[in-house]
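Each remark here refers to the structure printed beneath this line.
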Amino acid sequence: AQRVTQPEKLLSVFKGAPVELKCNYSYSGSPELFWYVQYSRQRLQLLLRHISRESIKGFTADLNKGETSFHLKKPFAQEEDSAMYYCALVTGNQFYFGTGTSLTVIP
Amino acid sequence: EPEVTQTPSHQVTQMGQEVILRCVPISNHLYFYWYRQILGQKVEFLVSFYNNEISEKSEIFDDQFSVERPDGSNFTLKIRSTKLEDSAMYFCASSVGRVRPLHFGNGTRLTVT
């Protein structure tokens, strides 16, 4: 069963524009959700976890249980934000990753 | 900041050969994982390991795969007889406990010819 959906494979925005990377999940229990980022030729790095409710590098993500979404947002995109972004759902001891969204910020 | 390290970064092997992918998790972490990512596809869970035994595995992790923590620092993934479809990026990850998050290594790109 597809547990995490990232509908956009590719997303391009201009520098300074707002950006939203979509993530929807399917899980009947209380979800534990993360956003991971992978910069070019680097490892997957934790960006955000929903229980922390923090802002990292200007990014925020709010869990919306009604819409089963955990979209990642940033009001003003920067060139250094260009990367691959993965939404992940944790159930038990397993992480389920979405297919990822490749974000390109155009200067 | 401590990191998960993986070697080699790229491994090329012939079909039918055995390969061992190596990982050194972060030293105080207790949970260890292998994930793989076939080119253009999503990151898929293979196996989790805790207290010197497999705690969970996916249907991908069949009898051709095995994991080991031979010496208290390394965590290895062995593929006994590689197939073309095993070509992928393999990521090792560790976490301090069931409290997340996962810390990933840089990955090993396995190419089976």
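Neighbours of B:Arg80 by Cβ distance under 13 Å: Lys/Arg scored +1, Asp/Glu scored -1, total -3.
Counting residues in the range B:1-59 as N, plug N into 2.2 N^0.38 Å and put the Cα Rg over that result.
On the way: Rg = 13.3 Å, N = 59, 2.2 N^0.38 = 10.4 Å.
The reported ratio for this selection is 1.28.
The mean sequence separation of alpha-carbon pairs under 8 Å and at least six residues apart, normalised by the residue count of the range A:4-106, gives a relative contact order of 39 percent. Just so you know, the averaged projected area of the alpha carbon convex hull for chain B sits at 6.7 nm². Count the net charge of all other residues whose Cβ sits under 13 Å from the Cβ of A:Tyr85, scoring Lys and Arg as +1 and Asp and Glu as -1. Neighbourhood net charge equals +3. Summing charges over all other residues whose Cβ lies under 13 Å from the Cβ of A:Gly98, with Lys and Arg as +1 and Asp and Glu as -1, gives +2. Of A:Lys57/B:Lys83; A:Lys57/B:Lys57; A:Lys22/B:Lys57, which pairs sit farther than 32 Å apart, going by alpha carbon to alpha carbon? From A:Lys57/B:Lys83; A:Lys57/B:Lys57; A:Lys22/B:Lys57, over 32 Å: A:Lys57/B:Lys83; A:Lys57/B:Lys57. Gyration tensor over the Cα atoms of the range A:4-106: the corresponding equivalent ellipsoid has semi-axes (square roots of 5 times the eigenvalues, largest first) of 22, 14, 12 Å.
Note on the protein assembly as shown: along the principal axes its Cα atoms extend 49, 36, 35 Å, ordered by decreasing extent. Under the definition of Cα pairs under 8 Å and six or more residues apart, what whole-number percent is the relative contact order of the range B:5-112? Dividing the mean separation by the residue count of the range B:5-112 yields 38 percent.
About its Cα centre, chain A has a charge dipole of approximately 140 debye under the convention of +1 per Lys or Arg Cβ and -1 per Asp or Glu Cβ, with nothing else charged. With the charge dipole of the range B:5-112 set up from +1 on Lys and Arg Cβ and -1 on Asp and Glu Cβ about the Cα centre, the Cα lying farthest toward the positive end among the listed residues B:Leu110, B:Met15, B:Ser27 is that of B:Ser27. For the range B:1-77 and the range A:7-42, what is the separation of their Cα centres, given in Å? Cα centroid to Cα centroid, the span is 25 Å. Summing Cβ point charges (Lys, Arg +1; Asp, Glu -1) relative to the Cα centre of the protein assembly as shown gives a dipole of roughly 300 debye.
Any read-out appearing in this document is the output of simple, stated calculations on the displayed coordinates, not a laboratory observation. In this text, all values refer to a predicted model and were calculated from it rather than measured experimentally. FYI the Cβ positions are ideal-geometry reconstructions off the backbone, even for glycines, and counts take in every protein chain you see.
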